[in-house]
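> Supplied in structure tokens, the structure appears directly below.
The values are calculated or read from the model by the stated rules, or taken from the named source; none is laboratory data. Everything quoted here is computed from the prediction, not taken from an experiment. Neighbour counts run over all protein chains shown; Cβ positions are idealised from the backbone, glycine included. Ligands, DNA and RNA are excluded from the accessible area calculation, which covers all protein heavy atoms including side chains. Shrake-Rupley method; radii C 1.70, N 1.55, O 1.52, S 1.80 Å.
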Amino acid sequence: MPSHPASHVLTAVALSAALVGCASAAAPSNSTAKQAKPTGVIKILALNDFHGQLESPGTFRANVDAPVVPAGGADYAAGYIAAARAANPNTVVVSAGDLIGASPMVSALFHDEPTIEAMNRAGLDFNAVGNHEFDDGKDELLRMQRGGCHPTDAANSCRGADVGTPVPFEGAKFRFLAANVVHKNSGRTLFAPYGIKRFDIGGRKVKMAFIGMTLKDTPQIVTPSGVKGLLFNDEAQTVNALVPQLRAQGVESIVVLIHQGGVQAAPSPVDINACVGGLEGSPIKTIVGQLDGAVDLVVTGHTHQAYNCQLPLSTGRLVPVTSANAQGRVVTEIDLTVDTATDDVTNAVALNKVVDRSNVNITPSAEIATLVANYKTLVTPIANRVIGSIARDVLNTRDAACNMPAGDLIADSQLAATAAPDFGGAQLALMNPGGVRNPGFTYANSSANEGDGNVTYGEAFTVQPFGNSLVTMTLTTQQIRDVLEQQFPNCFGQTVFARVLLPSNGLRYEWDHVQACGAKVRNATLTVNGAAETLVSNGEVVNGARTWRVTVNNFLADGGDGFSVLKGGVNRLGGAQDIDALERYLADFKAPNPPYDPLAANLGKPRIVRLDGGTACP
């Protein structure tokens, strides 16, 4: 397959190191017997789905019997990396995507430059692109690699003089990898498809290749305009096509870094080193089962889960398939034993470890801690500003019908921002659940000490970090019904996962998963100015040609999450950013006004009703 020229692809780092894990068989008395070749251990430290989480996201436990410990933080992640490299200089640090994007405010406000700078100092070697790397489009992602200031936001870019890093922004010192992301016109990969490391083991240079890629469905879960002109190819086919190229360069040890994953079939908290259910039915198991037998290790991500599996390749050979939870809570430590006679991996041992901030044997990076503290100083006055209040938790958890309290609040804020005729004349709003980040809005006082029930701008930003803008469009009743049908797997072009949209107050619908595509939405009504109108009755559209004004974010408006019907909306009017609409809405619930109560009777809940008796949102 077309790719960057070899001069752009090869990342060769000769690591001078003493022989690690040397083992040799004693020579037999027969003088003709040959001395066994030494083996060496190459250590890989793997992260995934870091999402710019420079500070600790809180506590974590490795399994139900393990202690709950403070976990994560870029300074401690760097400490674990430093300790591993001190023990074995033949160490590589990799990430399986979503290193940036959907980040906390301390990174996101500065366009994730802080995360890139922190990972440079931590010693990251490779990052396979994930879907969130494309949140701001391919040009901004290229800037993350190359450096330079943001083209339109000088105030929040290139702040090195304030935080102690070079000016302009230095860009990533590690390599982004994108084997299956190619330009439509040229066929060239957006970034190098792989990187090669050279290790000194017993005086011999051993090569190891790292192929990086994202899930092929990335265009359906990012803003389409951000990946315009790019193709996302099949993951397994991409890897298999690269194997002969790597073999021609003398590479026998191959690691795949892929932003796709699975989930253990076990209740939380899962054992981070288990593989309950064998990832059965997951996209990653299918992909691994199609990979060439030359692959030695698969490091995965995307699902924010921890697992430590052995899965079969296309040849039946078992290889480690790992994932390290998310947000820097866990790091996967993999020891690959390499036979220096053949450069083949002869053994692989993987272990997921909690990045434990109470571990006295780990020295956190003071340089990174200072870097994060300096950015925190810049962002704190903005983040700690109180913008509203809530009467109880408003979380991003979903019930069996897929109602989500935090999503309801956001949909209502978007309707309020666009209801006036001059701002779009919206009659309903729809919010995608993936755009409502964990944990939603919590009642308890935070580290900002804002007080119980108060919502800070930083908390709101954590829930809505993408900076999407609102778009109000005209849709027919038929199109609204078709959008609602596209919520379900394999319906009207939707892919594997269900993505049940969150409606604003006034829209109520009932769905039945047992019904065929096109008939899952059984009944739907929309109440506008006190008058209820029937949109769907017993699975049939009512007055399908009637038009309505509907607000969504620009991600959905461009057909994101597989909602291609929304691309047909007409008479579009652009609006405010989603975070600004949310701030304005919450201002009405700021003291001395009563707080927002998600259980208030006037909010029209439940807005989504499930008829098939299912017990969990699909």
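> Can you name every residue in the range 419-442 that is surrounded by fewer than 16 Cβ atoms within 10 Å (Cβ to Cβ) and of a type in the set (A, V, I, L, M, F, W, C)?
Within the range 419-442, Ala420 is the sole residue that qualifies.
> Within the set of pairs 6 or more residues apart or between chains, which connect a residue that is over 29 Å from Gly388 (Cβ atoms) inside the range 590-618 to a residue that is of a type in the set (Asp, Glu) and in a loop (DSSP other than H, G, I, E, B) with Cβ atoms less than 8 Å apart?
Arg610/Asp512; Leu611/Asp512; Asp612/Asp512
> Could you tell me how many of the residues in the range 107-121 are open to solvent by less than 10 Å² (accessible area, probe 1.4 Å) and of a type in the set (A, V, I, L, M, F, W, C)? If you could, list the steps in order and put the result at the bottom.
Of the range 107-121, the ones open to solvent by less than 10 Å² (accessible area, probe 1.4 Å) are 107, 110, 113-119.
Filter again for of a type in the set (A, V, I, L, M, F, W, C), leaving 110, 116, 118-119.
Of the residues in the range 107-121, 4 are open to solvent by less than 10 Å² (accessible area, probe 1.4 Å) and of a type in the set (A, V, I, L, M, F, W, C).
> Turning to a different aspect of this structure: Considering (1) in contact (Cβ under 8 Å) with a residue 60 or more places away in the chain; (2) surrounded by fewer than 24 Cβ atoms within 10 Å (Cβ to Cβ); (3) over 23 Å from the mean Cα position of the chain (by Cα), say which one Asp217 fails and leave the rest.
Result: Asp217 fails condition (3) only.
> Output the qualifying pairs, or none if there are none: Cβ atoms under 9 angstrom, residues six or more apart or on different chains, first residue in the range 135-158 and free of Cβ contacts under 8 Å to residues at least 24 places away in the same chain, second residue among the polar types (S, T, N, Q).
Between residues of the range 135-158 that are free of Cβ contacts under 8 Å to residues at least 24 places away in the same chain and residues that are among the polar types (S, T, N, Q), the close pairs are Gly148/Ser157; Cys149/Ser157; Pro151/Ser157.
> Right, another one. When you go through (1) touching a strand residue (DSSP E or B) at 6+ places or on another chain (Cβ under 7 Å); (2) closer than 30 Å to Val372 by Cα; (3) of a type in the set (A, V, I, L, M, F, W, C); (4) surrounded by fewer than 22 Cβ atoms within 10 Å (Cβ to Cβ) one by one for Leu231, which number turns out not to apply?
(2)
> Please specify each residue of the range 565-601 satisfying the condition of being out of contact with any Phe, Trp or Tyr (no Cβ under 8 Å at 6 or more places or on another chain), over 19 Å from Ala460 (Cα atoms) and either open to solvent by less than 50 Å² (accessible area, probe 1.4 Å) or part of a helix (DSSP H, G or I) (or both).
Selection gives Leu566, Lys567, Gly568, Gly569, Ala600, Ala601.
> Right, another one. Given (1) modelled with pLDDT of 95 or more; (2) buried (at least 17 other Cβ atoms within 10 Å of the Cβ); (3) among the β-branched types (Val, Ile, Thr), where does Thr346 come up short, assuming only one miss?
If we test Thr346 against (1) modelled with pLDDT of 95 or more; (2) buried (at least 17 other Cβ atoms within 10 Å of the Cβ); (3) among the β-branched types (Val, Ile, Thr), just (2) comes out false.
> Consider Lys285 against the criteria (1) of a type outside the set (A, V, I, L, M, F, W, C); (2) modelled with pLDDT under 95; (3) surrounded by 18 or more Cβ atoms within 10 Å (Cβ to Cβ); (4) over 24 Å from Arg175 (Cα atoms): it satisfies all of them except one. Which criterion is unmet?
Exception for Lys285: condition (2).
> Just one of the numbered conditions (1) at pLDDT 95 or above; (2) in contact with a helix residue (DSSP H, G or I) (Cβ under 6 Å, 6 or more places away or on another chain); (3) more than 21 Å from Asp112 (Cβ to Cβ); (4) open to solvent by 10 Å² or more (accessible area, probe 1.4 Å) is not true of Ala236; which one?
Tallying (1) at pLDDT 95 or above; (2) in contact with a helix residue (DSSP H, G or I) (Cβ under 6 Å, 6 or more places away or on another chain); (3) more than 21 Å from Asp112 (Cβ to Cβ); (4) open to solvent by 10 Å² or more (accessible area, probe 1.4 Å), Ala236 fails exactly one: (4).
> Asp393 versus (1) over 27 Å from Tyr443 (Cα atoms); (2) surrounded by fewer than 17 Cβ atoms within 10 Å (Cβ to Cβ): which is the lone unmet condition?
Among (1) over 27 Å from Tyr443 (Cα atoms); (2) surrounded by fewer than 17 Cβ atoms within 10 Å (Cβ to Cβ), Asp393 violates only (1).
> Let me ask another. Would you confirm whether any residue within the range 606-617 is out of contact with any Phe, Trp or Tyr (no Cβ under 9 Å at 6 or more places or on another chain), on the phi < 0 side of the Ramachandran plot and buried (at least 17 other Cβ atoms within 10 Å of the Cβ)?
We begin by selecting, within the range 606-617, every residue out of contact with any Phe, Trp or Tyr (no Cβ under 9 Å at 6 or more places or on another chain); these are 606, 613-617.
Checking the rest, the ones that are also on the phi < 0 side of the Ramachandran plot come to 606, 614-617.
Then keep just the ones that are buried (at least 17 other Cβ atoms within 10 Å of the Cβ); that gives 617.
Yes, the conditions are met somewhere in the range 606-617.
> Here are some residues: Ala172, Ala179. Which one is in a loop (DSSP other than H, G, I, E, B), closer than 26 Å to Gln237 by Cβ and either open to solvent by less than 30 Å² (accessible area, probe 1.4 Å) or free of Cβ contacts under 8 Å to residues at least 24 places away in the same chain (or both)? Walk me through how you get there before you give the answer.
On the way: Ala172 fails: closer than 26 Å to Gln237 by Cβ.
Just one listed residue meets the conditions, Ala179.
> Report yes if some residue within the range 581-599 is at pLDDT below 95, aliphatic (A, V, I, L, M) and under 30 Å from the mean Cα position of the chain (by Cα); otherwise report no.
We begin by selecting, within the range 581-599, every residue at pLDDT below 95; these are 591.
After this cut, where a residue has to be aliphatic (A, V, I, L, M) as well, the list is 591.
Imposing the further condition that a residue be under 30 Å from the mean Cα position of the chain (by Cα) reduces the set to none.
Within the range 581-599, none of the residues are at pLDDT below 95, aliphatic (A, V, I, L, M) and under 30 Å from the mean Cα position of the chain (by Cα).
> Here is a further query. What about Val372, is it aliphatic (A, V, I, L, M) and under 26 Å from the mean Cα position of the chain (by Cα)? Steps first, please.
Details: aliphatic (A, V, I, L, M): yes; under 26 Å from the mean Cα position of the chain (by Cα): yes.
Yes: the conditions hold for Val372.
> Then there is this: Can you find even one residue in the range 414-428 that is in contact with a Ser or Thr (Cβ under 8 Å, 6 or more places away or on another chain), within 27 Å of Ala591 (Cα to Cα), among the hydroxyl-bearing types (Ser, Thr, Tyr) and at pLDDT 95 or above?
yes
> When the range 202-232 is examined, which residues are found to be among the aliphatic types (A, V, I, L, M) and at pLDDT 90 or above?
First, pick out the residues of the range 202-232 that are among the aliphatic types (A, V, I, L, M): 206, 208-209, 211, 213, 215, 221-222, 227, 230-231.
Those that are among the aliphatic types (A, V, I, L, M) and at pLDDT 90 or above: Val206, Met208, Ala209, Ile211, Met213, Leu215, Val227, Leu230, Leu231.
> Taking Gly560 as meeting all but one of (1) open to solvent by 10 Å² or more (accessible area, probe 1.4 Å); (2) at pLDDT below 90, write down the number of the exception.
Of everything listed in (1) open to solvent by 10 Å² or more (accessible area, probe 1.4 Å); (2) at pLDDT below 90, Gly560 misses just condition (1).
> Can you pull out every residue in the range 312-343 that is surrounded by fewer than 20 Cβ atoms within 10 Å (Cβ to Cβ) and more than 21 Å from Ala236 (Cβ to Cβ)?
Glu333, Asp335, Thr337, Asp339, Thr340, Ala341, Thr342, Asp343, listed by residue number.
> Okay, moving on. In the range 69-85, is there at least one residue being among the hydroxyl-bearing types (Ser, Thr, Tyr) and over 25 Å from Arg159 (Cβ atoms)? Show your work before the answer.
If we filter the range 69-85 for residues that are among the hydroxyl-bearing types (Ser, Thr, Tyr), which is where we start, we get 76, 80.
Now restrict to residues that are over 25 Å from Arg159 (Cβ atoms): 80.
Scanning the range 69-85 turns up at least one residue that is among the hydroxyl-bearing types (Ser, Thr, Tyr) and over 25 Å from Arg159 (Cβ atoms).
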